[in-house]
Amino acid sequence: SAGHVRSALNSSATDGAGVSQIALRTNTHDINRRYAERELAITMTWKNLHDRILEMAKDTVFPDDKLGWKPHPDARSVLDEFRHVTIGLEMTSARLAGKPLDYAARDKADASKPKTRASVVSEMEAAIAVSYPLVEKNAQPLLIGWLDHQGEHYGKLVTAYRVNGIVPPVSRPK
């Protein structure tokens, strides 16, 4: 408060420490505020991006018979992109929880799963249910790199919609 500042400034004339303590408290408050803002931005961006991808996974305007569509023979199908995003959610959750995740084994396990929208949506919802609380508790800067990576997959999915003549959910009139 202003009274504390005046008191500290007045005491600084006699002890010399008051001003530096005010600066330290102000600087610490500013750092804490910026850290909290950064954490909130990471958390909200994480949720927004994955909510959009989940909305696409659930979106039946994109026909089931197009889920196997690939832009190139060497590329992932739309369904595989959804599964890859889910693996990304699982990997970041494992990292935030301090647990290992064997990417190669997890990726290989997807080969035997049903190639259906329902399967992909169920897996993604489960991964989100684990991910969101962990991100809320511990929105580390490492998530910025993951946001960039997951954003690339979102872009691929938007492109798959457009190439197939379908407007992505986010671009449809509300």
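The values are calculated or read from the model by the stated rules, or taken from the named source; none is laboratory data. The model shown is predicted, which means the values in this text are computed figures rather than measured ones. Note that each Cβ is placed from the backbone with ideal geometry, even for glycine, and that neighbours are counted across all protein chains shown. Remember, those area values only see protein heavy atoms, side chains included, never the ligands or the DNA or RNA. Shrake-Rupley method; radii C 1.70, N 1.55, O 1.52, S 1.80 Å.
Grab the beta carbon distance between ASN32 and LYS174, set R0 = 41 Å, and tell me the FRET efficiency rounded to 0.05. Walk me through the numbers before you get to the answer.
Values: r = 37 Å, r/R0 = 0.91.
That gives a FRET efficiency of 0.65.
For segment 120-162, report the accessible area per residue in Å² (1.4 Å probe, heavy atoms, rounded to an integer).
Numbers: 1980 Å² over 43 residues.
Dividing the accessible area of segment 120-162 by its residue count gives 46 Å².
Determine the sum of side-chain charges near ASN138: Lys and Arg each +1, Asp and Glu each -1, restricted to other residues whose C-beta is under 11 angstrom from that of ASN138.
Working: positive: ARG95, LYS137; negative: GLU39, GLU136.
Value of the local net charge: 0.
How do 140-147, 127-134 rank on mean C-beta neighbours within 10 Å, highest first? Walk me through the numbers on the way to the answer.
Numbers: 140-147: 15.1, 127-134: 17.6.
My ranking of the peptides, most packed first, is 127-134, 140-147.
Would you please give the FRET efficiency between ALA111 and THR60, computed as 1/(1 + (r/R0)^6) with r the Cβ-Cβ distance and R0 = 25 Å, to the nearest 0.05? It would help to have the intermediate numbers written out before the result.
Details: r = 25 Å, r/R0 = 0.99.
So, using R0 = 25 Å, E works out to roughly 0.50.
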**Asked** In straight Cα distance, which lysines are under 29 Å from LYS70, not counting same-chain residues fewer than 8 positions off?
**Response** LYS47, LYS58, LYS108, LYS113, LYS115, LYS156, LYS174
**Request:** First measure r as the distance between the Cβ atoms of MET44 and GLU125, then evaluate 1/(1 + (r/R0)^6) with R0 = 22 Å and state the FRET efficiency to the nearest 0.05.
**Result:** 0.70
